[in-house]
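Step one of this worksheet: look at the structure below.
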Amino acid sequence: DLLGTGAFAVTAAVSHLAGPGKMFVRQRLVAGIVGTWSVKLASFLFFRAIKTGHDARLDELLSTIPGMTTFWLISFLWGWLVISPQTMLAGSAVNVPLGIWGKAAAAIAVTGILIETAADLSKWSFKSNPANKGLFCNVGVWKWSQHPNYGEWASVGQRGPGATSPHQHTKNGRLTP
């Protein structure tokens, strides 16, 4: 988890800096949201790893070659799929105005980051209590939102591909990515 989320920040920064030249508002906004989310989550996961010493969820899975291979393959595919909209957008030379839907998607992403932070803190507080050892967290924001980052990634996906569809944009008579 820590390496995967940290890789999102690196990918967002590199694809943003290596873009086609001028960076447009949409591209900067999406790179900023992805980078902010990634640094926030990677920092939390690093803190958690220091406090707990390891991730017990992965002990059995990573103890075998097939388990390790499956874990890293799925992690790679997940990361590639999830970061693809931002990477495609960063490579676009077309300036698509943010518009009302882009602004709404940005608001959803920021709200998602805040909800995810509150959910992580709820779960951390619950798991830190020795009386809850082995129990499933069913309190606070985590009770209602066990995978809060889906909202922000849906909004990033909404802003990326729609702005980079090769069927919508041409430049100098050629389709652009």
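General observations
- Of the residues Thr70, Thr87, the single one that is farther than 21 Å from Arg26 by Cα and open to solvent by less than 90 Å² (accessible area, probe 1.4 Å) is Thr70.
- Near pairs, Cβ below 8 angstrom, 6+ apart or cross-chain, from the stretch 56-68 (more than 20 Å from Lys127 (Cα to Cα)) to any residue that is surrounded by fewer than 10 Cβ atoms within 10 Å (Cβ to Cβ): Gly67/Glu60
- One residue from Ser75, Ser43, Ser38, Ser84 being among the polar types (S, T, N, Q), within 30 Å of Ala107 (Cα to Cα) and touching a Phe, Trp or Tyr at 6+ places or on another chain (Cβ under 6 Å): Ser38
- Inside the stretch 8-40, residues that are touching a residue at least 40 places away in the same chain (Cβ under 8 Å), closer than 17 Å to Met88 by Cβ and assigned to a helix (DSSP H, G or I) make up a count of 13.
The values are calculated or read from the model by the stated rules, or taken from the named source; none is laboratory data. Just so it is clear, the structure is predicted and the values come from calculations on it, not from any experiment. Cβ coordinates were reconstructed from backbone atoms using ideal geometry, including for glycine residues, and neighbour counts include every protein chain displayed. To get the accessible areas, we keep the full protein, side chains included, count just its heavy atoms, and leave off ligands, DNA and RNA. Shrake-Rupley method; radii C 1.70, N 1.55, O 1.52, S 1.80 Å.
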